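Quick notes on the structure that follows.
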Amino acid sequence: MYKKSVIKKMGSIVVVAAMLASAFTVMSVGNAAGASSANVAINEIMYNPASGNEWVELFNSGDSTVNLTGWVIKDAANNTFGDLTNVEIPPGEYVVVEETGALLNNGNDSIHLFDDSMTEVDNATYDDSMGADGNGKTLEYNPVTDTWEESLVDGGTSGHRNSVLWPVVTVDYPAGGEVIGGIIPVQWTATSPEGLDLTIKIEYKNETGTDWTLVADNEENDGTYNWDVTALSANERYMVKVTATDTMGDSGSDV
């Protein structure tokens, strides 16, 4: 579970740090040795929000806390985005830097991250053909394909693992319109972009209903489950939902 703390700074900048709600010792680590700099990278970009502010998310993939004092985020025009003074990013965590002004170009721009020695440690270039252009979504970095992709969820995934890494599910059968009876094979395809193990949950509901009823949970991702539908009312229309959850706790589903 994630717990968010908000650090408000004077002026137009708000920095939001997302941290895991677990016990650990936070140690301030300087960048004199340069070992930690390469582990902090640009992870998500809200460059043209439908509402609210622009923001850039950083992710620390290393195993040490990094003190971001003296670090700078700049755009292609060398404008400074945010203030990272006294901000720390623990290992495996995120920092979201929010800008209340309209600094990033909506058509195309580049974002550059410099450490406290003004060494560029990461950069990202985008244009509106990549998506997230005022539709409420963000651009998320996909480390599997080394590409920037539009988020799968509105608002993006500020302070959380990117949605482009969540499980992808397709219900193969029933596909809709079938007349069912007895025992039917619910069939699906579920994959993890990162190759993580998945567990499966199957639910159903009346087409006009709102509540889902559990059929099976914690099933193996073997692509099929034999469902006994003899107890269902005849002459009704039903919907089937398959949800896959990965070992990081993120889920994807299809109906």
Could you check, for the stretch 68-78, whether at least one of its residues is farther than 28 Å from G195 by Cα, hydrophobic (A, V, I, L, M, F, W, C) and either surrounded by fewer than 16 Cβ atoms within 10 Å (Cβ to Cβ) or touching a helix residue (DSSP H, G or I) at 6+ places or on another chain (Cβ under 8 Å) (or both)? yes
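Yes or no, residue by residue, for (1) out of contact with any Phe, Trp or Tyr (no Cβ under 7 Å at 6 or more places or on another chain); (2) at pLDDT below 95; (3) not assigned by TED's automatic domain parsing to the domain that holds D127:
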| residue | (1), (2), (3) |
| --- | --- |
| I13 | yes, yes, no |
| L20 | no, yes, no |
| F24 | yes, yes, no |
| M27 | yes, yes, no |
| A32 | yes, yes, no |
| E57 | no, no, no |
Among D133, D146, D122, the single one that is in the same structural domain as Y47 (by TED's automatic domain parsing) and under 16 Å from V97 (Cβ atoms) is D122
Residues that are within 19 Å of T69 (Cα to Cα) and in contact with a helix residue (DSSP H, G or I) (Cβ under 6 Å, 6 or more places away or on another chain), drawn from the stretch 81-115: D115
Subset of the stretch 93-106 (residues that are modelled with pLDDT of 95 or more and assigned to a loop (DSSP other than H, G, I, E, B)): E93
Filtering the stretch 116-149 down to residues that are of a type in the set (D, E, K, R) and out of contact with any helix residue (DSSP H, G or I) (no Cβ under 7 Å at 6 or more places or on another chain), which residue is surrounded by the fewest Cβ atoms within 10 Å (Cβ to Cβ)? D146
In contact with a His (Cβ under 9 Å, 6 or more places away or on another chain) and within 28 Å of P193 (Cβ to Cβ): is that true of N48 in this structure? no
How many residues, within the stretch 194-220, are crowded, with 17+ Cβ neighbours inside 10 Å and in contact with a Leu (Cβ under 9 Å, 6 or more places away or on another chain)? 4
Unique residue being closer than 20 Å to G82 by Cβ and either touching a Pro at 6+ places or on another chain (Cβ under 9 Å) or surrounded by 20 or more Cβ atoms within 10 Å (Cβ to Cβ) (or both) when the list is V164, V168, V96: V96
Test for S117: is it of a type in the set (S, T, Y) and assigned to a strand (DSSP E or B): no
Restricting attention to strands (runs of 3 or more DSSP E) lying wholly within the stretch 183-244, give those where 3 or more residues are of a type in the set (A, V, I, L, M, F, W, C). 183-191, 198-206, 213-220
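The values are calculated or read from the model by the stated rules, or taken from the named source; none is laboratory data. Note that the structure is predicted; figures quoted are calculated from it, not measured. Every residue, glycine among them, receives a Cβ derived from its backbone with ideal geometry; neighbour counts consider all protein chains shown.
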